[in-house]
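Heads up, the thing below is written out as structure tokens.
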Amino acid sequence: MPTVQPRVYVTLEPKTYQVLEALSKSEKASMSCVVSKLVNVALELGEDLSLVEQGSERLASFHRDDTLSSQDLLKWNRSRKKK
């Protein structure tokens, strides 16, 4: 069935091709579909790793002394609304 989706051509090692072929047969899906799913998972994992790195950087720069208590935050918010 023709598709309007963009295409990518890749060259694989023979062993990688065999693994993808076996996976495709076991899932009863085309190799294209299997590769597409694997690429999407890899991209999501890459995004997750990036967010973990950002979180780690923020955590490293966190100082409890610079924080506000919930009560202080509520006071600040109330005073801001009165203006």
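The values are calculated or read from the model by the stated rules, or taken from the named source; none is laboratory data. These numbers were taken from a predicted model, which means no experiment stands behind them. When we count neighbours, we look across all protein chains shown, and the Cβ atoms used for this are built from the backbone with ideal geometry, even at glycine.
The table below gives the values:
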| read-out | value |
| --- | --- |
| Among residues of segment 20-76, those that are closer than 22 Å to Val8 by Cβ and not in a helix (DSSP H, G or I), counted | 2 |
| Close pairs (6 angstrom Cβ cut-off, 6 or more residues apart or separate chains): at pLDDT 90 or above in segment 62-83, surrounded by 10 or more Cβ atoms within 10 Å (Cβ to Cβ) and assigned to a helix (DSSP H, G or I) anywhere | none |
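Conditions tested, residue by residue: (1) more than 24 Å from the chain's Cα centre (by Cα); (2) surrounded by fewer than 10 Cβ atoms within 10 Å (Cβ to Cβ).
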residue	(1), (2)
Thr11	yes, yes
Val19	yes, no
Ser26	yes, yes
Ser32	no, no
Val39	no, no
Arg58	no, yes
His63	yes, yes
Leu68	yes, no
Arg80	yes, yes
